[in-house]
1. Of His145, Thr43, Leu105, whose Cα points farthest to the positive end of the dipole of the chain (charges on the beta-carbon: +1 Lys, Arg; -1 Asp, Glu; origin at the Cα centre)?
2. Only Lys, Arg, Asp and Glu count, each charged at its Cβ (+1, +1, -1, -1), so figure out the dipole size of the chain about its Cα centre, rounded to 20 debye.
3. Determine the alpha carbon to alpha carbon distance for each of Lys69/Lys169; Lys134/Lys232; Lys31/Lys255; Lys100/Lys134; Lys73/Lys133; Lys26/Lys73 and list only those over 23 Å.
4. Straight-line reach from Lys245: which aspartates and glutamates have Cα under 15 Å away, leaving out those fewer than 8 places along the same chain?
5. Starting from the Kirkwood radius over alpha-carbon pairs of the chain, derive D by Stokes-Einstein at 4 °C in a medium of 1.567 mPa s and give it in µm² s⁻¹.
6. Give the dimensionless ratio obtained when the Cα radius of gyration of the range 11-122 is divided by 2.2 N^0.38 Å.
7. Check which residues have an amide H placed less than 5 Å from Ala103's amide H, if you skip close sequence neighbours.
8. Over the range 171-253, give the accessible area per residue in Å² for a 1.4 Å probe, as an integer.
Amino acid sequence: MDEYTDNQVRFYDLCLPFEEDIPFYKHLLGKDHPLVLEMGAGTGRISIPLASAGYHVIALDKSSAMIEKALFKKKEISPSCQDNLTLVQGDMISYQSDPKPNAVLIPANTFMLLKTFLAQKMCLKNIHQNLPKKGLLVLDLFNPHDFLNQAFLEERMVLVSSISHPKKKIIVNHWVSGKYDPASQVVQTYNIIETCDSEGNTKKYPYTELLRYLYRFEMELLLESRGFEVEKIYGWYDFSAYNTKSRKMIFVARKK
Ligand SMILES: C[S@@+](CC[C@H](N)C(=O)[O-])C[C@H]1O[C@@H](n2cnc3c(N)ncnc32)[C@H](O)[C@@H]1O
(Lines give C-alpha, C1' and ligand atoms only; values in the text may rest on other atoms or scores of the structure.)
Protein backbone atom coordinates (compact mmCIF):
# COMPACT_ATOMS: atom_id res chain seq x y z
CA MET A 1 0.00 0.00 0.00
CA ASP A 2 1.33 3.42 -1.04
CA GLU A 3 1.93 5.27 2.25
CA TYR A 4 2.80 8.77 3.32
CA THR A 5 6.49 8.72 4.28
CA ASP A 6 7.57 8.91 7.93
CA ASN A 7 8.80 12.49 7.48
CA GLN A 8 5.47 13.60 5.98
CA VAL A 9 3.44 11.96 8.74
CA ARG A 10 5.69 13.26 11.50
CA PHE A 11 5.47 16.92 10.50
CA TYR A 12 2.03 17.06 8.82
CA ASP A 13 0.06 18.87 11.54
CA LEU A 14 2.96 21.06 12.49
CA CYS A 15 3.52 22.33 8.95
CA LEU A 16 -0.19 22.77 8.26
CA PRO A 17 -1.83 24.44 11.25
CA PHE A 18 -4.35 25.71 8.70
CA GLU A 19 -8.02 26.19 9.65
CA GLU A 20 -9.36 28.64 7.08
CA ASP A 21 -11.08 25.94 5.03
CA ILE A 22 -13.09 24.46 7.94
CA PRO A 23 -15.86 27.16 8.09
CA PHE A 24 -16.03 26.93 4.28
CA TYR A 25 -16.86 23.20 4.44
CA LYS A 26 -19.32 23.73 7.30
CA HIS A 27 -21.11 26.39 5.28
CA LEU A 28 -21.35 24.20 2.17
CA LEU A 29 -22.58 21.20 4.17
CA GLY A 30 -25.19 23.22 6.07
CA LYS A 31 -28.04 21.13 7.48
CA ASP A 32 -28.71 19.11 4.32
CA HIS A 33 -25.59 16.93 4.44
CA PRO A 34 -25.44 15.19 7.82
CA LEU A 35 -23.33 12.22 6.62
CA VAL A 36 -19.98 13.22 5.12
CA LEU A 37 -17.22 11.13 3.55
CA GLU A 38 -13.83 12.83 3.59
CA MET A 39 -11.41 11.19 1.17
CA GLY A 40 -7.75 11.46 2.16
CA ALA A 41 -8.69 12.67 5.64
CA GLY A 42 -5.12 12.45 6.97
CA THR A 43 -4.75 13.34 10.64
CA GLY A 44 -8.38 14.48 10.86
CA ARG A 45 -7.57 18.19 10.52
CA ILE A 46 -11.02 18.71 8.92
CA SER A 47 -12.93 15.55 9.89
CA ILE A 48 -12.47 16.10 13.63
CA PRO A 49 -13.90 19.68 13.70
CA LEU A 50 -16.77 18.50 11.47
CA ALA A 51 -17.53 15.59 13.83
CA SER A 52 -17.32 18.03 16.76
CA ALA A 53 -19.87 20.24 14.98
CA GLY A 54 -22.34 17.34 14.84
CA TYR A 55 -21.74 15.89 11.36
CA HIS A 56 -21.35 12.12 11.02
CA VAL A 57 -18.02 11.78 9.29
CA ILE A 58 -16.33 8.84 7.63
CA ALA A 59 -12.66 9.77 7.45
CA LEU A 60 -11.00 7.63 4.80
CA ASP A 61 -7.24 7.45 4.33
CA LYS A 62 -4.81 5.10 2.66
CA SER A 63 -2.02 5.61 5.20
CA SER A 64 -2.18 3.65 8.45
CA ALA A 65 0.26 6.11 10.07
CA MET A 66 -1.99 9.09 9.28
CA ILE A 67 -5.03 7.20 10.61
CA GLU A 68 -3.12 6.41 13.79
CA LYS A 69 -2.50 10.14 14.29
CA ALA A 70 -6.19 10.86 13.65
CA LEU A 71 -7.17 8.19 16.19
CA PHE A 72 -4.95 9.83 18.79
CA LYS A 73 -6.58 13.23 18.13
CA LYS A 74 -10.08 11.67 18.12
CA LYS A 75 -9.58 10.61 21.74
CA GLU A 76 -9.20 14.27 22.73
CA ILE A 77 -12.75 15.26 21.71
CA SER A 78 -15.91 14.63 23.75
CA PRO A 79 -17.24 11.03 23.75
CA SER A 80 -20.48 12.03 21.98
CA CYS A 81 -18.50 13.71 19.19
CA GLN A 82 -16.14 10.71 19.01
CA ASP A 83 -19.21 8.64 18.10
CA ASN A 84 -19.69 10.92 15.06
CA LEU A 85 -16.31 9.99 13.58
CA THR A 86 -15.44 6.72 11.85
CA LEU A 87 -11.83 6.29 10.73
CA VAL A 88 -11.33 3.91 7.81
CA GLN A 89 -8.21 2.76 6.03
CA GLY A 90 -8.88 2.46 2.30
CA ASP A 91 -8.32 3.85 -1.17
CA MET A 92 -10.45 6.67 -2.59
CA ILE A 93 -10.38 4.90 -5.97
CA SER A 94 -12.31 1.91 -4.70
CA TYR A 95 -13.83 2.59 -1.27
CA GLN A 96 -17.62 2.13 -1.12
CA SER A 97 -19.46 3.53 1.86
CA ASP A 98 -22.52 1.87 3.35
CA PRO A 99 -24.68 3.85 4.10
CA LYS A 100 -24.12 6.35 1.32
CA PRO A 101 -22.89 9.79 2.41
CA ASN A 102 -24.77 12.97 1.42
CA ALA A 103 -21.48 14.66 0.61
CA VAL A 104 -17.92 13.74 -0.41
CA LEU A 105 -15.08 16.15 0.38
CA ILE A 106 -11.56 15.93 -1.04
CA PRO A 107 -9.74 18.86 0.61
CA ALA A 108 -6.16 20.12 0.46
CA ASN A 109 -5.11 19.06 -3.07
CA THR A 110 -5.49 15.37 -2.22
CA PHE A 111 -7.13 14.57 -5.57
CA MET A 112 -3.82 15.64 -7.18
CA LEU A 113 -2.07 12.81 -5.30
CA LEU A 114 -3.73 10.47 -7.79
CA LYS A 115 -0.82 10.57 -10.17
CA THR A 116 -2.47 9.71 -13.49
CA PHE A 117 -5.47 10.97 -15.43
CA LEU A 118 -6.83 7.39 -15.39
CA ALA A 119 -6.64 7.20 -11.58
CA GLN A 120 -8.41 10.56 -11.30
CA LYS A 121 -11.18 9.36 -13.65
CA MET A 122 -11.56 6.12 -11.64
CA CYS A 123 -11.83 8.09 -8.43
CA LEU A 124 -14.64 10.26 -9.80
CA LYS A 125 -16.45 7.15 -11.04
CA ASN A 126 -16.17 5.70 -7.53
CA ILE A 127 -17.43 8.90 -5.89
CA HIS A 128 -20.38 8.90 -8.30
CA GLN A 129 -21.26 5.38 -7.10
CA ASN A 130 -20.93 6.45 -3.46
CA LEU A 131 -23.30 9.41 -3.68
CA PRO A 132 -27.08 9.54 -4.01
CA LYS A 133 -28.67 11.74 -6.67
CA LYS A 134 -28.00 15.45 -5.91
CA GLY A 135 -25.21 14.39 -3.53
CA LEU A 136 -22.54 17.05 -3.00
CA LEU A 137 -18.89 16.81 -4.08
CA VAL A 138 -16.27 19.40 -3.09
CA LEU A 139 -12.83 19.12 -4.67
CA ASP A 140 -10.13 21.50 -3.51
CA LEU A 141 -7.20 21.82 -5.94
CA PHE A 142 -4.28 24.15 -6.49
CA ASN A 143 -4.79 26.67 -9.26
CA PRO A 144 -2.15 25.55 -11.80
CA HIS A 145 -1.51 29.16 -12.88
CA ASP A 146 -0.47 30.00 -9.33
CA PHE A 147 1.05 26.65 -8.38
CA LEU A 148 3.44 26.37 -11.34
CA ASN A 149 5.25 29.47 -10.22
CA GLN A 150 8.64 30.89 -10.96
CA ALA A 151 10.32 28.74 -8.31
CA PHE A 152 9.21 25.57 -10.07
CA LEU A 153 10.27 26.99 -13.42
CA GLU A 154 13.73 27.76 -12.07
CA GLU A 155 13.81 24.66 -9.83
CA ARG A 156 14.92 26.63 -6.75
CA MET A 157 13.95 26.01 -3.11
CA VAL A 158 11.29 28.31 -1.62
CA LEU A 159 10.40 28.63 2.06
CA VAL A 160 6.64 27.95 2.21
CA SER A 161 6.19 28.01 5.99
CA SER A 162 8.15 28.69 9.15
CA ILE A 163 6.46 27.70 12.38
CA SER A 164 7.61 27.64 16.01
CA HIS A 165 6.87 24.36 17.74
CA PRO A 166 4.69 25.31 20.75
CA LYS A 167 6.27 22.75 23.13
CA LYS A 168 9.71 21.77 21.88
CA LYS A 169 10.94 25.35 21.29
CA ILE A 170 12.17 24.65 17.80
CA ILE A 171 11.48 26.39 14.51
CA VAL A 172 10.18 24.14 11.76
CA ASN A 173 10.82 25.40 8.24
CA HIS A 174 9.24 23.82 5.17
CA TRP A 175 11.19 24.29 1.93
CA VAL A 176 9.83 23.20 -1.44
CA SER A 177 11.19 22.98 -4.94
CA GLY A 178 9.99 20.99 -7.89
CA LYS A 179 10.00 20.35 -11.56
CA TYR A 180 7.06 19.66 -13.76
CA ASP A 181 6.31 17.88 -16.98
CA PRO A 182 3.60 19.65 -19.03
CA ALA A 183 2.96 16.55 -21.17
CA SER A 184 1.83 14.43 -18.20
CA GLN A 185 0.83 17.42 -16.03
CA VAL A 186 2.82 15.91 -13.17
CA VAL A 187 4.88 17.96 -10.73
CA GLN A 188 7.58 16.29 -8.69
CA THR A 189 8.03 18.31 -5.52
CA TYR A 190 11.17 18.09 -3.38
CA ASN A 191 10.43 18.98 0.21
CA ILE A 192 12.77 19.59 3.11
CA ILE A 193 11.47 19.97 6.63
CA GLU A 194 14.21 21.72 8.57
CA THR A 195 14.16 21.98 12.37
CA CYS A 196 16.32 24.58 14.18
CA ASP A 197 16.73 24.51 17.96
CA SER A 198 17.57 27.46 20.23
CA GLU A 199 21.31 26.59 20.06
CA GLY A 200 21.34 26.81 16.28
CA ASN A 201 21.44 23.04 15.61
CA THR A 202 19.53 22.09 12.48
CA LYS A 203 18.20 18.77 11.20
CA LYS A 204 16.76 18.09 7.76
CA TYR A 205 13.97 15.67 6.88
CA PRO A 206 13.48 15.35 3.11
CA TYR A 207 10.66 13.79 1.10
CA THR A 208 9.34 13.96 -2.45
CA GLU A 209 5.77 14.03 -3.64
CA LEU A 210 4.18 13.68 -7.07
CA LEU A 211 1.11 15.75 -7.89
CA ARG A 212 -0.93 15.60 -11.09
CA TYR A 213 -2.34 19.08 -11.67
CA LEU A 214 -5.49 19.85 -13.63
CA TYR A 215 -6.73 22.87 -15.56
CA ARG A 216 -10.12 24.46 -15.04
CA PHE A 217 -11.95 23.26 -18.15
CA GLU A 218 -10.27 19.85 -18.01
CA MET A 219 -11.70 19.38 -14.51
CA GLU A 220 -15.12 20.71 -15.52
CA LEU A 221 -15.32 18.33 -18.49
CA LEU A 222 -14.08 15.45 -16.38
CA LEU A 223 -16.77 16.07 -13.77
CA GLU A 224 -19.48 16.40 -16.41
CA SER A 225 -18.35 13.23 -18.19
CA ARG A 226 -18.53 11.34 -14.87
CA GLY A 227 -22.13 12.43 -14.19
CA PHE A 228 -21.65 15.59 -12.08
CA GLU A 229 -22.96 19.09 -12.57
CA VAL A 230 -20.55 21.86 -11.58
CA GLU A 231 -22.35 24.47 -9.45
CA LYS A 232 -19.49 26.80 -8.53
CA ILE A 233 -15.75 27.22 -8.84
CA TYR A 234 -14.21 29.20 -6.00
CA GLY A 235 -10.72 30.70 -5.81
CA TRP A 236 -10.47 30.71 -2.03
CA TYR A 237 -12.34 29.66 1.12
CA ASP A 238 -13.97 33.11 1.36
CA PHE A 239 -16.24 32.11 -1.59
CA SER A 240 -14.45 34.49 -3.98
CA ALA A 241 -14.82 33.43 -7.62
CA TYR A 242 -11.97 31.56 -9.31
CA ASN A 243 -9.69 33.60 -11.58
CA THR A 244 -6.17 33.33 -13.02
CA LYS A 245 -4.59 34.73 -9.85
CA SER A 246 -6.56 32.62 -7.37
CA ARG A 247 -4.47 30.40 -5.12
CA LYS A 248 -7.06 27.65 -5.25
CA MET A 249 -9.50 26.11 -7.71
CA ILE A 250 -12.33 24.63 -5.64
CA PHE A 251 -15.08 22.76 -7.48
CA VAL A 252 -18.52 22.42 -5.93
CA ALA A 253 -20.51 19.83 -7.89
CA ARG A 254 -23.58 17.63 -7.55
CA LYS A 255 -24.34 14.17 -8.82
CA LYS A 256 -26.83 14.52 -11.69
C1 LIG B 1 -2.56 16.52 1.83
S2 LIG B 1 -3.08 15.28 2.97
C3 LIG B 1 -4.68 15.92 3.35
C4 LIG B 1 -5.18 15.53 4.70
C5 LIG B 1 -6.47 16.21 5.14
N6 LIG B 1 -7.54 16.06 4.17
C7 LIG B 1 -6.26 17.69 5.41
O8 LIG B 1 -6.88 18.50 4.74
O9 LIG B 1 -5.46 18.01 6.28
C10 LIG B 1 -3.42 13.96 1.84
C11 LIG B 1 -3.88 12.66 2.49
O12 LIG B 1 -4.42 11.81 1.44
C13 LIG B 1 -4.05 10.48 1.69
N14 LIG B 1 -4.14 9.74 0.41
C15 LIG B 1 -3.33 9.83 -0.66
N16 LIG B 1 -3.75 9.03 -1.66
C17 LIG B 1 -4.88 8.42 -1.19
C18 LIG B 1 -5.79 7.48 -1.76
N19 LIG B 1 -5.62 7.00 -2.99
N20 LIG B 1 -6.84 7.07 -1.02
C21 LIG B 1 -7.02 7.53 0.26
N22 LIG B 1 -6.19 8.43 0.84
C23 LIG B 1 -5.14 8.87 0.13
C24 LIG B 1 -2.64 10.57 2.27
O25 LIG B 1 -2.31 9.41 3.01
C26 LIG B 1 -2.77 11.84 3.15
O27 LIG B 1 -3.13 11.51 4.45
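The values are calculated or read from the model by the stated rules, or taken from the named source; none is laboratory data. Since the structure is predicted, the reported quantities are computational estimates derived from the model, not experimental observations. Cβ atoms come from the backbone with ideal geometry, glycine included; neighbour counts cover every protein chain shown. Accessible surface areas use protein heavy atoms only, side chains included; no ligands, DNA or RNA. Shrake-Rupley method; radii C 1.70, N 1.55, O 1.52, S 1.80 Å.
1. The listed residue farthest towards the positive side: Leu105.
2. Using Cβ point charges on Lys, Arg, Asp and Glu, the chain gives about 400 debye.
3. On the way: Lys69/Lys169 21 Å; Lys134/Lys232 14 Å; Lys31/Lys255 18 Å; Lys100/Lys134 12 Å; Lys73/Lys133 33 Å; Lys26/Lys73 20 Å.
Cα-Cα > 23 Å for Lys73/Lys133; rest within.
4. Cα-Cα hits under 15 Å: Asp146.
5. The calculation lands on 68 µm²/s.
6. Relative to the 2.2 N^0.38 Å estimate, the range 11-122 comes out at 1.01.
7. Leu35, Leu37, Leu136
8. On the way: 4260 Å² over 83 residues.
Ligands and nucleic acids excluded, the result is 51 Å² per residue.
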